[in-house]
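Here is the structure we will look at, set down as structure tokens.
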Amino acid sequence: MQLAEYADTPFIDLDTHIVEEAGKTITEIFEQEGEERFRSLERRMVRRACEQMHGVIALGGGALHDQEVVDLIKQRGLLIYLSASLTNLIQRIYDDRERPLLLDEHGRLKSIKELEEELGERYRYRQQWYQQAHLTVKTDQFETSNQAAEQLIQKIEEHVSDR
């Protein structure tokens, strides 16, 4: 969001649009219809956002599981990977009960050890898509999102001027 504010451009949080489209929370979609249904909605919303808007689109971690989506984003804009260590990611999201992958079958938060194992597997698997980004910014070093946004703006300006 800070990037959009710095660039004075529209911002879309893909997960928010999926919730609006489905009329359900992400957790409800996962519980009632499964992850594949969620991913289908996600792909459709990425396509729509790429076709209808100019601005910053915040994708969820699994949005790039489809090479067609990666290619579409790269053709229509600049794909940026905000990388972070697995430990840092888990710390950032640990208490978020709206993330179904953090919950066990009884709706309780999984242990840090369980998350390190399960999310670590996903994290390593997703790298093949993330590494296709035009730009990568390592975010572990920043204390605030504003610092990350400033670094990102600098990298974008360098990327654009190199073209």
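The values are calculated or read from the model by the stated rules, or taken from the named source; none is laboratory data. Computed from a predicted structure; not experimentally measured. Glycine gets a Cβ as well: all are built from the backbone with ideal geometry, and neighbour counts include every protein chain shown.
Give me the pairs, please: first residue somewhere in region 14-40 and of a type in the set (Lys, Arg), second residue anywhere and crowded, with 18+ Cβ neighbours inside 10 Å and assigned to a helix (DSSP H, G or I), beta-carbon distance under 7 Å, and either six or more positions apart or on two chains.
Arg37/Ile29
Pairs under 8 Å by beta carbon, first residue without any contact (Cβ under 8 Å) to a residue 12 or more places away in the chain in region 134-150, partner of a type outside the set (A, V, I, L, M) and surrounded by 14 or more Cβ atoms within 10 Å (Cβ to Cβ), six or more apart or different chains?
Phe142/Gln151
Please enumerate the residues belonging to region 1-41 that are within 15 Å of the chain's Cα centre (by Cα) and assigned to a loop (DSSP other than H, G, I, E, B).
Correct list: Met1 only.
Does Gly62 satisfy the condition of being at pLDDT 90 or above and not in a strand (DSSP E or B)? Before you say what the answer is, go through the steps one by one.
Working: at pLDDT 90 or above: no; not in a strand (DSSP E or B): yes.
For Gly62, the condition - at pLDDT 90 or above and not in a strand (DSSP E or B) - is not met.
Of the numbered conditions (1) closer than 23 Å to Ala148 by Cβ; (2) surrounded by 15 or more Cβ atoms within 10 Å (Cβ to Cβ), Val69 fails exactly one; give the number of that condition.
Of the numbered conditions (1) closer than 23 Å to Ala148 by Cβ; (2) surrounded by 15 or more Cβ atoms within 10 Å (Cβ to Cβ), the odd one out for Val69 is (1).
From Val70, Val46, grab the single residue that is touching a residue at least 60 places away in the same chain (Cβ under 8 Å), of a type in the set (Val, Ile, Thr) and more than 20 Å from Asp96 (Cα to Cα).
Numbers: Val46 fails: touching a residue at least 60 places away in the same chain (Cβ under 8 Å).
Answer to the check: Val70.
Restricting to region 26-44, give me the number of residues that are more than 19 Å from Gln67 (Cα to Cα) and crowded, with 16+ Cβ neighbours inside 10 Å.
Residues in region 26-44 being more than 19 Å from Gln67 (Cα to Cα) and crowded, with 16+ Cβ neighbours inside 10 Å: 4 in total.
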